[in-house]
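Single-structure report; data block below.
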Amino acid sequence: MFRTHARYSPTFWILALTFLSLLAWLWGTDLAIAEPLNANPPPQLPAALAVAGTMRDANLSGLEQNILAASNRERRQTGQTPLLGNETLAEVAAAHSRDMVARRFFAHDNPDGLGSAERTGLYVRTLFGLVSENLAMMSDRPNLAEEFIQGWMHSPGHKANLLRPDSTDLGVGCAQTIEGGMPTFYCTQLFMNVYASLAQPLPATVNAGQTVEVWLTPRNHQPLPTRLLQVDAQGWETASVVLQPQNGAAVGRLILQGPPAQYRMQVEVPDTANAQRFWIIPGPFVTVR
């Protein structure tokens, strides 16, 4: 597992990770990286973004399902609730694995500067929650899924993500390539602690002044969200609406504001341990024209 340390610059770690990745390609060394929970909006996103494809490789579905099943086995053995297999998260995870193969990098942040929280916000249109991510690359061998799981379980950061008590959903996505003449697999685990889900997906692109109606259902025994916010790249609120309880859901109509840019949607969720506080939970990105 690689961690940024205050004594080293980000450039140092980029060069170091590039060097280690090159060694892996040459010698078949297995690498893995864990990313902790990330709820922060990015300072700025590129103007035009898209997840690198959404078609899954059917030949890898068995590996992905075995990794999901083994992940839940480890959780049960430690007294944690099994995670729901989430196909939308799996699409995002598989797209990142394919992107790492296609553009020859191994990192949570892709060459466009997008980490797991940004990639999830761009593609997942119905969920509000916090994400974490495990990555690994490994040459082909018997019991491949089990090798991935044991590698993650023997690394403190990966193990913490895999066994995180408040995670609810997991998407597993893999990609295959040939490196050093050997089949090599890149696999991504994308975890999410889902606070609320929308009845209808948020549109990816809207016009300034357009009204969006939302019907939010809490998940994982979370309280009802009380407010929906539109925030800019610096995290400043540009529009909001107080949500009203209705039949176990939080309902409201938000008029999205300009200027033209990419904004993130967030919800306020009361802190059940402290009535004076609330949590800000990120959701999808929306581009206002």
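Couple of notes before you dig in:
- Test: residue in segment 151-174 that is of a type in the set (Lys, Arg), in the same structural domain as Arg277 (by the TED database) and farther than 19 Å from Thr88 by Cα: no
- Filter pass, Leu243 being in contact (Cβ under 8 Å) with a residue 24 or more places away in the chain, open to solvent by less than 30 Å² (accessible area, probe 1.4 Å) and not assigned by the TED database to the domain that holds Arg164: yes
- Pairs, first not assigned by the TED database to the domain that holds Val242 in segment 206-227, second outside any strand (DSSP E or B) and open to solvent by less than 60 Å² (accessible area, probe 1.4 Å), C-beta under 7 Å, six or more apart: none
- Counting only residues that are farther than 18 Å from Pro284 by Cβ and assigned to a loop (DSSP other than H, G, I, E, B), segment 57-93 holds 7 of them.
- Test: residue in segment 69-80 that is touching an Asp or Glu at 6+ places or on another chain (Cβ under 7 Å) and at pLDDT 95 or above: yes
- When segment 172-197 is limited to residues that are in contact with a Leu (Cβ under 9 Å, 6 or more places away or on another chain) and surrounded by fewer than 20 Cβ atoms within 10 Å (Cβ to Cβ), the one that is farthest from Pro225 (Cα to Cα) turns out to be Gly180.
- Criterion (more than 17 Å from the chain's Cα centre (by Cα) and among the basic types (Lys, Arg)) met by exactly one of Arg119, Arg104, Arg98, Arg164: Arg104
The values are calculated or read from the model by the stated rules, or taken from the named source; none is laboratory data. Because the structure is a prediction, the values reported are computed rather than measured. Note that we place each Cβ from the backbone using ideal geometry, even for glycine, and neighbour counts take in every protein chain shown. To get the accessible areas, we keep the full protein, side chains included, count just its heavy atoms, and leave off ligands, DNA and RNA. Shrake-Rupley method; radii C 1.70, N 1.55, O 1.52, S 1.80 Å.
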